[in-house]
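First comes the structure, then the notes that go with it.
Every read-out reported here was derived from the displayed coordinates using simple, explicitly stated rules and does not represent laboratory data. For clarity, every value in this text was computed on a predicted model and none was experimentally measured. Because the Cβ atoms are built from the backbone with ideal geometry, glycine has one as well, and the counts that use them run over all protein chains shown.
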Amino acid sequence: MGILQDDVVIIRPPEKEGEATVITVNCPDKTGLGCDLCRIILFFGLSIVRGDVSTDGIWCYIVFWVVGKQKTRWSLLKKRLIGACPTCSSASGISYYCSDLQPPKPPDVFLLKFCCHDRSGLLHDVTEVLFELELTIKKVKVSTTPDGKVVDLFFVTDTRELLHTKKRKDDTIEQLTAVLDDPLITIDIQLIGPETTACSQASSFLPNAITENVFELESWTSTSNSVSIEMDNMLSAAHTLVQIVCRNHKGLIYDIMRTMKDYNVQISYGRLATKPTGKCEIDLFIMQADGKKIVDPSKQMSLSSRLRMELLHPLKVAVISKGPDTELLVANPVELSGKGRPLVFYDITLALKMLGLVVFSAEVGRHMIGDREWEVYRVLLDEGGEGLSVPRDKIEQGVWNMLMGWE
């Protein structure tokens, strides 16, 4: 017997002002489902303040209490969450939720190119419009000419899959033109092929100065004892209990879920709650892919160490000198599935806009460092503008706080 599509995801608005919206997901289970759902919720700018997860390995029941943006498009969020759920079967003539069993084809990539006069906050204003239009930024290249103009190349995909239509293109150009407010602006959108996308890739080479500053994991993990992780195999006959206490941050549950997904760990039951003090307490009953506890001390240590690293510094942020200039570096690990953390570029550009900084050039690319793939954002700041009045440690802290939701 199947389940009606409307019952796969149920979103219940708060009964009183200030309370959380409740999202209930009831569908077949798969390893990594929690990660996929949390990533979508994070993409919509929402924070999970409480959660319950339960599964028997075949069917799961998930409840998230979320807070965040007032203008959240709840119907669209529901559609995206349903799309992430495994298919449900049908045993009758009633129309049940059942998506195509074939893997989805890669989305078309479009090149959005525009040229206009540069100004403080311009890059974030463009990023915000693209976010509102549900255009996902895959790569970006930004450069400033000597005469004060900026040439931006955004490689984007369309969540609505309509950017090939004239109406969708015209609407995108109209909204960008309005926010940029420049009579000399030129905007062009075109579908590009895989060969063009490959040529647009950022260089796979990163200078040693960058890898040393951003990827020295020892320096990141030894500076704080604010994360407590304990594992217990005595409390449950079938599961390993993982207890986590840490400071809450934007995307915290996503960071935990993506780590479990990458380690191919099944969460059979989980409960999380945030406290008024800013702490978050999580209890997870987990098992390996073979259905057994994690009893090997080396595997326990590996998972615990990775969780601690991801919770202390889910992203790496550094401001370094590049000759006479200042370069901001932000890196976040890519899931084994190939998906990166959402809204990173949005938060970076917003933080720089609030600091009054002008971006001279920017580049986003993926790089293999060690045995992991990273999404690296390189932003060269315009030292000829107001940037001289902002200390580098303040830039780093401002971007970090925005990314962590502590602004």
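Taking R0 as 22 Å, what FRET efficiency do you get between L76 and V22 from their Cβ-Cβ distance, rounded to the nearest 0.05?
On the way: r = 18 Å, r/R0 = 0.80.
Efficiency for this residue pair is about 0.80.
If the viscosity is 1.306 mPa s and the temperature 10 °C, what translational diffusion coefficient in µm²/s does Stokes-Einstein give for the stretch 106-200 when Rh comes from Kirkwood over Cα pairs? Mind dumping the intermediate values first?
Working: Rh = 13.6 Å.
It comes out at roughly 117 µm²/s.
What nm distance separates the two modelled labels at R366 and D181, each placed 7 Å from Cα along Cα→Cβ?
3.8 nm
Using 1/(1 + (r/R0)^6) with R0 = 22 angstrom and r between the beta carbons of A238 and N264, what's the FRET efficiency to the nearest 0.05?
Numbers: r = 17 Å, r/R0 = 0.78.
My answer for the efficiency is 0.80.
Please compute P(r) over all alpha-carbon pairs of the stretch 5-84, binned at 5 Å starting from zero, and give each bin as a whole-number percent.
3, 15, 30, 27, 16, 6, 2, 0
Based on C-alpha coordinates, I'd like the Rg and Dmax of the stretch 315-407, in Å.
Just the Cα atoms of the stretch 315-407 yield Rg and Dmax of 13.2, 42 Å.
Which entries of K105/K261; K261/K353; K69/K293; K139/K299; K69/K299 show an alpha-carbon separation above 31 angstrom in the structure shown?
Values: K105/K261 22 Å; K261/K353 34 Å; K69/K293 39 Å; K139/K299 35 Å; K69/K299 39 Å.
Cα-Cα > 31 Å for K261/K353; K69/K293; K139/K299; K69/K299; rest within.
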